[in-house]
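Peer 1: Below is the structure I would like to discuss, written out as structure tokens.
The values are calculated or read from the model by the stated rules, or taken from the named source; none is laboratory data. Computed from a predicted model, the values in this text were never measured in an experiment. Glycine also receives a Cβ, built like all others from the backbone with ideal geometry; neighbour counts cover every protein chain displayed. Please note that ligands, DNA and RNA were not included when accessible areas were found on the heavy atoms of the full protein model with its side chains. Shrake-Rupley method; radii C 1.70, N 1.55, O 1.52, S 1.80 Å.
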Amino acid sequence: MEKLLQKDTELLIYLNNLGSEQWDSFWLAITYQFNWIPLFVIILGLVFWKFGTKKGIFMLLFITVLVAFSDQFTNLIKNTFQRVRPCNVPEIQEYLRQFTYRPGGYSFWSGHAHLSTTFTVFTILLFGKKVKPIYFMVLFPLLFGYSRIYLRVHYPLDVFTGYVTGVVMGFIFYKLLQYLYKRIFKEQLV
């Protein structure tokens, strides 16, 4: 395990040092959740366009539960593992590019990568058959997750694990939605 963590640190240093000052503001903007509001508004519009008002409200409530559960589950994992963020590890600071952005809390796993992947997988499963451009949403977690490495607030393993668990959780929530939708609305979710 120690060797894996060492390789993870080495990969972080390598990826972080690919950055340059001219790209710093871009990656800071990418990592800021509120800059993604237009994407969420589009998804919300798709929900009401496809499902109408009554079912749309149900879907909105379901997505709210998905986000809250994913967020709290991530906090449970972070507080269990308590891996210090790389930006707060004194031994590696001289090897990393420095930013004023320095969040507290723990590193493992990346909540940004996990939640964005959960939401993306769920959304693609929900709309993929009818709205083909929805597949471009894959860029959301990829950019969001990489921003965390670029800004040296997560190790690559944190982001990768967030992606993997996000795929699983997005799939589970979609299956749960299929079940509940059929029980409540007496029809298949398509």
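Peer 1: Which members of region 147-168 meet the condition of being touching a residue at least 24 places away in the same chain (Cβ under 8 Å) and over 18 Å from L5 (Cβ atoms)?
Peer 2: Within region 147-168, S147, Y150, L151, Y163, T165, G166, V167 qualify.
Peer 1: Next question. Within the group F62, F34, F26, F58, which residue is within 19 Å of S116 (Cβ to Cβ), touching a residue at least 12 places away in the same chain (Cβ under 8 Å) and of a type in the set (F, W, Y)?
Peer 2: F62
Peer 1: Let me ask something else. Here's a check for you: in region 158-190, which residue that is polar (S, T, N, Q) and over 26 Å from L11 (Cα atoms) is surrounded by the most Cβ atoms within 10 Å (Cβ to Cβ)?
Peer 2: Q178
Peer 1: Any chance region 56-64 includes a residue that's farther than 30 Å from Y155 by Cα, more than 17 Å from the chain's Cα centre (by Cα), aliphatic (A, V, I, L, M) and open to solvent by less than 60 Å² (accessible area, probe 1.4 Å)?
Peer 2: Scanning region 56-64, I find at least one residue that is farther than 30 Å from Y155 by Cα, more than 17 Å from the chain's Cα centre (by Cα), aliphatic (A, V, I, L, M) and open to solvent by less than 60 Å² (accessible area, probe 1.4 Å), so the answer is yes.
Peer 1: Could you say whether any residue in region 4-12 is at pLDDT below 95, open to solvent by less than 60 Å² (accessible area, probe 1.4 Å) and touching a helix residue (DSSP H, G or I) at 6+ places or on another chain (Cβ under 8 Å)?
Peer 2: no
Peer 1: Let me ask something additional. Which ones in region 53-87 are in contact with a Pro (Cβ under 9 Å, 6 or more places away or on another chain) and farther than 18 Å from Y146 by Cα?
Peer 2: Those that are in contact with a Pro (Cβ under 9 Å, 6 or more places away or on another chain) and farther than 18 Å from Y146 by Cα: none in region 53-87.
Peer 1: Condition check: at pLDDT below 95 and either surrounded by 13 or more Cβ atoms within 10 Å (Cβ to Cβ) or within 22 Å of W49 (Cα to Cα) (or both). Does S116 satisfy that?
Peer 2: For S116, the condition - at pLDDT below 95 and either surrounded by 13 or more Cβ atoms within 10 Å (Cβ to Cβ) or within 22 Å of W49 (Cα to Cα) (or both) - is not met.
Peer 1: So how many residues does region 76-93 have that are in contact (Cβ under 8 Å) with a residue 12 or more places away in the chain and either open to solvent by less than 20 Å² (accessible area, probe 1.4 Å) or more than 23 Å from M169 (Cα to Cα) (or both)?
Peer 2: Of the residues in region 76-93, 6 are in contact (Cβ under 8 Å) with a residue 12 or more places away in the chain and either open to solvent by less than 20 Å² (accessible area, probe 1.4 Å) or more than 23 Å from M169 (Cα to Cα) (or both).
Peer 1: Looking at L96 and the list (1) under 17 Å from T118 (Cα atoms); (2) over 18 Å from the mean Cα position of the chain (by Cα); (3) in contact (Cβ under 8 Å) with a residue 24 or more places away in the chain, which single condition is not satisfied?
Peer 2: Failing condition for L96: (1).
Peer 1: Sticking with this structure for a sec: Test each condition in (1) assigned to a helix (DSSP H, G or I); (2) touching a residue at least 60 places away in the same chain (Cβ under 8 Å); (3) open to solvent by 10 Å² or more (accessible area, probe 1.4 Å); (4) not charged (D, E, K, R) for V121 and report the one that comes out false.
Peer 2: Against the list (1) assigned to a helix (DSSP H, G or I); (2) touching a residue at least 60 places away in the same chain (Cβ under 8 Å); (3) open to solvent by 10 Å² or more (accessible area, probe 1.4 Å); (4) not charged (D, E, K, R), V121 comes up short only on (2).
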